[in-house]
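Trainee: Quick one: the structure is below, and I'll ask about it shortly.
The values are calculated or read from the model by the stated rules, or taken from the named source; none is laboratory data. From a predicted model like this one, the values you see are computed outputs, not experimental measurements. Don't worry about glycine lacking a Cβ; one is built from the backbone with ideal geometry, like all the others, and counts go over all protein chains shown. For the accessible areas, the whole protein counts, side chains as well, though only heavy atoms, and no ligand, DNA or RNA atoms are used. Shrake-Rupley method; radii C 1.70, N 1.55, O 1.52, S 1.80 Å.
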Amino acid sequence: MTSFVDIPNGVFPSVCSLDCPDQCGLLIKKENGKIVKVEGDPDHPVTKGFICNKVRNMTERLYDEKRLKYPMKRVGAKGEGHFEQISWDEAIKTITANWKDLLQNDGAESILPYSFYGNMGNLAAEGMDRRFFHRLGASKLDRSICNSAGAAGYKYTMGASFGIDPEDTIHSKLFIFWGINAVSTNMHQVSLAQQARKQNGAKIVVIDVHKNQTAKFADWFIPILPGTDTALALGLMHILFAENMVDHSFLEQYTVGFEQLREHVEQYDPITVSSITGIPVEDILKLARMYGQTSPAFLRIGNGPQHHDNGGMFVRTVSCLPALTGQWAVKGGGAIKGNSAYLAFNTANLQRPDLQQNKNTRVINMNLLGEALLTLDPPIKSLFVYGTNPAVVAPAGNKVRKGLEREDLFTVVHDLFLTETALYADIVLPATSSFENTDFYTSYWHHYIQIQQPVIEAYGESKSNVEVFRLLAKGMNFSETAFDDTEAELIDQALETPTNPYIHEINFDVLSKKQYVKAEVEFPTKLPTPSGKIELYSEKMKQDGYPALPIYIPLINDSDHPLRFIAGPNHNFLNSTFANQNKHVELEKEPVIVLNQFDADLAGVEDGEKVRVWNEQGECVLKASVGENVLRGVAVTQGLWGADDDTKHLVNSLTPDRIADMGGGATFFSGRVSVNKL
Ligand SMILES: Nc1nc2c(c(=O)[nH]1)N[C@H]1C(S)=C(S)[C@@H](COP(=O)(O)OP(=O)(O)OC[C@H]3O[C@@H](n4cnc5c(=O)[nH]c(N)nc54)[C@H](O)[C@@H]3O)O[C@H]1N2
Ligand SMILES: Nc1nc2c(c(=O)[nH]1)N[C@H]1C(S)=C(S)[C@@H](COP(=O)(O)OP(=O)(O)OC[C@H]3O[C@@H](n4cnc5c(=O)[nH]c(N)nc54)[C@H](O)[C@@H]3O)O[C@H]1N2
Ligand code: SF4
Ligand SMILES: [Mo]
C-alpha cells in the first residue's frame, strides 16, 4: 500500500490523539502535502462527523511557527529560554553519556521518566518508552495525576473500569452528569443526551460546584458544595431504601452487602445531607425520586469530584447507586466512569516489564514531582519529560519549578513546543504530531479501537516517541531485539489478547483495512471483584484500611483562607495544550475567577476587575466574574493557562500536592485561597 504521506492531495482517515474520552475518528484533508482541514469522520458511529472547535483548529497548532524543528541544548540559565541548535547525533550522545555516568556513579534510579497522555497513542504513551526505562532500571513513575483516585474507588465497587456502552444511552430517560463538564470535555455524550431528550423526552441533570456550560444546557442544575458529593450519594441511598425504590431481585442476585448498606445509610437523612451539601431538602428528595422512578437512568461520573481529598471514596460510593435500582440490567441505564477495561490489551507484550533487572525499583508519585525533585534521597539527578507539561499542569507548581531549576538536575524534554517545562531543559528534542506517526488508540469511554497511519511527513527534524527511544536504546548499547520492533509489530504484540473476551482477531492488518473496530462488549455478569458481584460492602476495602461501607469524610482545611479553589480545565484548551495557540487563546479570552457576590463583597472585589488570588504557596492574577454561578465559599477558574508574559496565570501555583484517599490521586480542587483587590 502506498503510504498516505506520499499522496500530496486527498482526504485520509485518522484519529484524535488528545486525552479526551471521545477519541474521535477524523478525516484529514491534504493539499500539496500539507494538512488544510481536520474534520469529524461522518461514518464513525460515535463521532458522526462532529468534532470540537479545538481540533477543527488543529492546523493552527500543527503549522504554528513556534513548533520545534530541531534538537537544542541550553545556553542560558534554567527557565530563561536560551537554546542553540544541535544535531540529533549530539543530542543522543549528550543524553546517553550523562546517563552512562549516572549508571556508574549514582545508579539507574537517579533517572526519572516523567510522562503523561499528551498523545493517547498506546505506542507513544506506553510503548517503546516503557521498554527503554525498564531496561535502563530507572525510577518508576506512578501516573496518578488524572483519574487514579476515581479508578481505585470504582474498582472496589465494580472490580474494574466497566461501564455501559455510551451508544446505548440514546435509550436513557434520565442523564445525571455528576461532576463532569461534558459540553467541554465529552461532547458526544452530550449529543447522545440531546438525541435522547428529543426522542424520549429524557431529562438532563447536572450536579456541579459551578454553573458551567453543561449546567446551562441541563434541565436542572443542582449546585453542591465541593467535596460533599459522597454525602449526597449516601442521602440518595437513604431515600431509595426508605421509600422502597430499590430493585430487590437485582440486589439479591448481583450485589454483596445491601442489608448492611441499608442500615448504614439510615444516618444520612435528607436534613443531615442538606446541611453538608448545601442542597435544599426538597431538591434531595426530588432527585432521589427522579432517579428511583425513571428507567433507564444513566449516571455520567466525571473527574471533578475525584480530584479531592475524598475523591476515591466518592466514586466508590456513587457507583453503588445503579445497583440499588437495578439499572445496570437496563439497556441505557447504569453508569460510565471509565470503560478502559473492555479494551485492555497485552501490556506485558508491549511494555516488556521482563526487561527489568531489579523488580524493586522505587516508584515516585507524579503528583509529588516538586517534592521529589527538592527532597528525595538519594536524589533524582536526571529527568526525561515527554507527553506532559509539568511546569504548568502538576500541583504545587512553584515547588515543581523550583525543583526544575536545580543546577545538578539533567533535564531532557521531548515535545512539539518549547513548553514552560522545556524552558528548564538541558536538551530539548522535537516531537512529531500524531498525524506523522503510526499508532493505535483505545478510548476510555467508547468501545472502538482505531489506527493512525502517518498522513504527513515529520515536521522539520522531529521524531516520534517510539523513534526517540529506539535511538536512546542504541546509544545505551542495549542489544535486545525488543528495541528493533516496528510499529506494526508493536501493535500486533499489544493486540495479542487471549485473556480479553471482548477483543478478537484485531491486529495491524485488520485495523489498516477497517480504520476502527468495535470490541464485542457485553456488560459482565461476573465482575472481577473478590465476590464476582457488585460490592456494596467490601471486605477488600477493610483489608486495605478503609471502611467496608461507603462513608462521607469532609475535605481537609489546610488553612483559614475563605474560598475553596476549583481550578479545572476549560473549553478551548486541552489541559495546557492549545494554551500557546493564538487562535485558541482568542476564543477563550482570558483567565477568570468565578466568585459568589457575597464573597466578592466581603473581599471588596468587583465584577470585571483583575484580582490577586493567593495562599501560602503562591499567587495568581485573574479577572473576577462575580454573580451566582457558584455557592458562597467557592471560587472557580478554568483553564491551564500558560506563562507567556509571566507566571501570574499558572493556577497550579495555588493547588495542594496532598495525595487523595485512594490510588495516589491528585487533590487539585481541595485547596483554599483568598482574593484581594490588586
Ligand atoms: N475542552 C477540554 N476537554 C477536556 C480537557 C480539557 O482540558 N479541555 N481535559 C481532558 C482530561 S485530561 C480530562 S481528565 C477530562 C476532565 O473532564 P471532566 O470529567 O469534565 O472533569 P473536570 O473538568 O476536571 O471537572 C468536571 C466538573 O467537576 C466540577 N467539580 C469540581 N469539584 C467538584 C465537586 O466537589 N463536586 C461536584 N459535583 N463537581 C465538582 C467542576 O466544576 C467541573 O465543572 O476532560 C478531558 N477533556
Ligand atoms: N489545576 C489543575 N491541574 C490539572 C488538572 C486540572 O483539572 N486542574 N487536570 C489534570 C489532569 S486530569 C491531567 S490528565 C493533566 C494533563 O496534563 P498533561 O499531560 O501535561 O497535558 P497537556 O498539558 O495537554 O500537555 C501534553 C504535552 O504533551 C505534548 N505532546 C503531545 N503529543 C506528543 C507526542 O507524541 N510526544 C511527545 N513527546 N509530546 C507530545 C504536548 O505538546 C503537550 O506539551 O493535567 C492535570 N493538571
Ligand atoms: S478533543 Fe475530544 S472532542 Fe475534540 S476531536 Fe479530539 S476526541 Fe473529539
Ligand atoms: Mo485527565
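Trainee: Out of TYR502, TYR552, I need the residue that is under 28 Å from GLY663 (Cα atoms) and in the same structural domain as ILE449 (by TED's automatic domain parsing). Which one?
Mentor: Only one candidate passes the filter, namely TYR502.
Trainee: Can you confirm whether segment 277-294 contains a residue that is closer than 22 Å to MET158 by Cα, open to solvent by 40 Å² or more (accessible area, probe 1.4 Å) and more than 16 Å from ligand 4 (Cβ to nearest atom)?
Mentor: No, every residue in segment 277-294 fails to be closer than 22 Å to MET158 by Cα, open to solvent by 40 Å² or more (accessible area, probe 1.4 Å) and more than 16 Å from ligand 4 (Cβ to nearest atom).
Trainee: Output the residues belonging to segment 326-367 that are open to solvent by 40 Å² or more (accessible area, probe 1.4 Å), over 25 Å from ASP22 (Cα atoms) and of a type in the set (Gly, Ala, Ser).
Mentor: ALA348
Trainee: I'd like the full set of residues that are open to solvent by 20 Å² or more (accessible area, probe 1.4 Å), over 30 Å from GLY545 (Cα atoms) and within 16 Å of ligand 1 (Cβ to nearest atom), limited to segment 642-678.
Mentor: Hit for segment 642-678 is HIS649, nothing else.
Trainee: Please verify whether segment 577-585 includes one or more residues that are part of a strand (DSSP E or B) and out of contact with any Gly (no Cβ under 9 Å at 6 or more places or on another chain).
Mentor: No.
Trainee: If you don't mind, another one. On the basis of being free of Cβ contacts under 8 Å to residues at least 24 places away in the same chain and assigned to a loop (DSSP other than H, G, I, E, B), does ASP377 make the cut?
Mentor: Details: free of Cβ contacts under 8 Å to residues at least 24 places away in the same chain: yes; assigned to a loop (DSSP other than H, G, I, E, B): yes.
So ASP377 passes the test.
Trainee: Another question about this same structure. Taking LEU62 as the residue in question, decide whether it is assigned by TED's automatic domain parsing to the domain that holds ALA372 and more than 16 Å from ligand 1 (Cβ to nearest atom).
Mentor: Criteria not met by LEU62.
Trainee: Right, here's the next one. Could you list, in sequence order, all residues of segment 215-227 that are assigned to a loop (DSSP other than H, G, I, E, B) and open to solvent by 10 Å² or more (accessible area, probe 1.4 Å)?
Mentor: Filtering segment 215-227 down to residues assigned to a loop (DSSP other than H, G, I, E, B) leaves 218-219, 224-227.
Passing the criteria: ALA218, ASP219, LEU225, PRO226.
Trainee: Sticking with this one: Would you mind listing the helices (runs of 4 or more DSSP H) fully within segment 81-192 where at least 2 residues are within 16 Å of ligand 1 (Cβ to nearest atom)?
Mentor: 122-126, 148-158, 182-185
Trainee: Which of the numbered conditions does SER559 fail, given that it passes all the others? Conditions: (1) away from ligand 4 (no atom under 16 Å from the Cβ); (2) within 26 Å of THR388 (Cα to Cα); (3) among the small types (Gly, Ala, Ser).
Mentor: Evaluating SER559 over (1) away from ligand 4 (no atom under 16 Å from the Cβ); (2) within 26 Å of THR388 (Cα to Cα); (3) among the small types (Gly, Ala, Ser) leaves (2) as the failure.
Trainee: Let me ask something else about it. So is TYR114 in contact with a Leu (Cβ under 8 Å, 6 or more places away or on another chain), open to solvent by less than 30 Å² (accessible area, probe 1.4 Å) and within 16 Å of ligand 4 (Cβ to nearest atom) or not?
Mentor: Yes, satisfied.
So that you can scan it fast, the table gives a plain yes or no per residue for (1) open to solvent by 20 Å² or more (accessible area, probe 1.4 Å); (2) in a strand (DSSP E or B); (3) under 21 Å from TRP328 (Cβ atoms); (4) out of contact with any helix residue (DSSP H, G or I) (no Cβ under 6 Å at 6 or more places or on another chain):
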residue	(1), (2), (3), (4)
LEU236	no, no, yes, no
ILE239	no, no, yes, no
ASN244	yes, no, yes, yes
SER249	yes, no, yes, yes
ARG262	yes, no, yes, no
GLU266	yes, no, no, yes
THR272	yes, no, no, yes
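Trainee: Ok, one more. Pull up segment 147-189, narrow it to residues that are open to solvent by less than 20 Å² (accessible area, probe 1.4 Å) and of a type in the set (A, V, I, L, M), then point me to the one that is nearest to ILE659 (Cα to Cα).
Mentor: The qualifying residue nearest to ILE659 (Cα to Cα) is ALA149.
Trainee: While we're on this one: Select from segment 433-450 the residues that are buried (at least 24 other Cβ atoms within 10 Å of the Cβ) and among the β-branched types (Val, Ile, Thr) and list them in ascending order.
Mentor: Of everything in segment 433-450, just one residue is buried (at least 24 other Cβ atoms within 10 Å of the Cβ) and among the β-branched types (Val, Ile, Thr), namely ILE449.
Trainee: Is it true that some residue in segment 584-597 is within 16 Å of ligand 4 (Cβ to nearest atom), out of contact with any Lys or Arg (no Cβ under 8 Å at 6 or more places or on another chain) and at positive phi? Can you show your working first?
Mentor: Going through segment 584-597, the residues within 16 Å of ligand 4 (Cβ to nearest atom) turn out to be none.
Checked segment 584-597: no residue is within 16 Å of ligand 4 (Cβ to nearest atom), out of contact with any Lys or Arg (no Cβ under 8 Å at 6 or more places or on another chain) and at positive phi.
Trainee: What pairs come out if I take residues in segment 290-305 that are in contact (Cβ under 8 Å) with a residue 40 or more places away in the chain and of a type in the set (A, V, I, L, M) and pair them with residues that are within 8 Å of ligand 1 (Cβ to nearest atom) and assigned to a loop (DSSP other than H, G, I, E, B) whose C-beta lies under 8 Å away, six or more apart or interchain?
Mentor: ILE301/GLY179; ILE301/ILE180
Trainee: Here are the criteria: (1) in a helix (DSSP H, G or I); (2) touching a residue at least 12 places away in the same chain (Cβ under 8 Å). Tell me which single one VAL206 does not satisfy.
Mentor: Checking VAL206 against (1) in a helix (DSSP H, G or I); (2) touching a residue at least 12 places away in the same chain (Cβ under 8 Å), the one that fails is (1).
Trainee: Next up: Filter segment 24-63 down to the residues that are among the acidic types (Asp, Glu), within 11 Å of ligand 3 (Cβ to nearest atom) and out of contact with any strand residue (DSSP E or B) (no Cβ under 8 Å at 6 or more places or on another chain) and list them by number.
Mentor: None; the set is empty.
Trainee: Return yes when ILE7 is near ligand 3 (Cβ under 8 Å from one of its atoms) and either open to solvent by 10 Å² or more (accessible area, probe 1.4 Å) or farther than 25 Å from ASN580 by Cα (or both) and no when it is not.
Mentor: So ILE7 does not fit the description; no.
Trainee: Taking the residues in segment 509-530 that are over 18 Å from GLU489 (Cα atoms) and among the hydrophobic types (A, V, I, L, M, F, W, C) as candidates, determine which candidate is surrounded by the fewest Cβ atoms within 10 Å (Cβ to Cβ).
Mentor: PHE523
Trainee: Sort out which residues of segment 126-168 are touching a Ser or Thr at 6+ places or on another chain (Cβ under 8 Å) and farther than 27 Å from VAL393 by Cα, and write them in order of number.
Mentor: Result: TYR156, THR157, MET158, GLY159.
Trainee: Please work out which residue is least open to solvent (accessible area, probe 1.4 Å), limiting yourself to segment 199-214 and to residues that are β-branched (Val, Ile, Thr) and within 16 Å of ligand 2 (Cβ to nearest atom).
Mentor: THR214
Trainee: To continue, here is another question. How do the helices (runs of 4 or more DSSP H) wholly within segment 413-518 filter down when requiring 3 or more residues that are aliphatic (A, V, I, L, M): which remain?
Mentor: Because the criterion is at least 3 residues that are aliphatic (A, V, I, L, M), the helices (runs of 4 or more DSSP H) in segment 413-518 that meet it are 465-475, 487-494.
Trainee: Sticking with this one: Confirm whether PRO21 is more than 16 Å from ligand 2 (Cβ to nearest atom) and part of a loop (DSSP other than H, G, I, E, B).
Mentor: For PRO21, the condition - more than 16 Å from ligand 2 (Cβ to nearest atom) and part of a loop (DSSP other than H, G, I, E, B) - is not met.
Trainee: Evaluate the following for GLN617: is it at pLDDT 95 or above, surrounded by 24 or more Cβ atoms within 10 Å (Cβ to Cβ) and either under 30 Å from LYS66 (Cβ atoms) or touching a Pro at 6+ places or on another chain (Cβ under 6 Å) (or both)?
Mentor: So GLN617 fails the test.
Trainee: Working carefully through the options CYS24, CYS52, find the one that is within 16 Å of ligand 4 (Cβ to nearest atom) and either crowded, with 18+ Cβ neighbours inside 10 Å or not assigned by TED's automatic domain parsing to the domain that holds VAL393 (or both).
Mentor: CYS52
Trainee: Still on this model: Determine which member of the set LYS73, LYS66 is away from ligand 3 (no atom under 16 Å from the Cβ), open to solvent by 30 Å² or more (accessible area, probe 1.4 Å), over 23 Å from the mean Cα position of the chain (by Cα) and closer than 30 Å to ASP22 by Cβ.
Mentor: Values: LYS73 fails: closer than 30 Å to ASP22 by Cβ.
When all the criteria are applied, what remains is LYS66.
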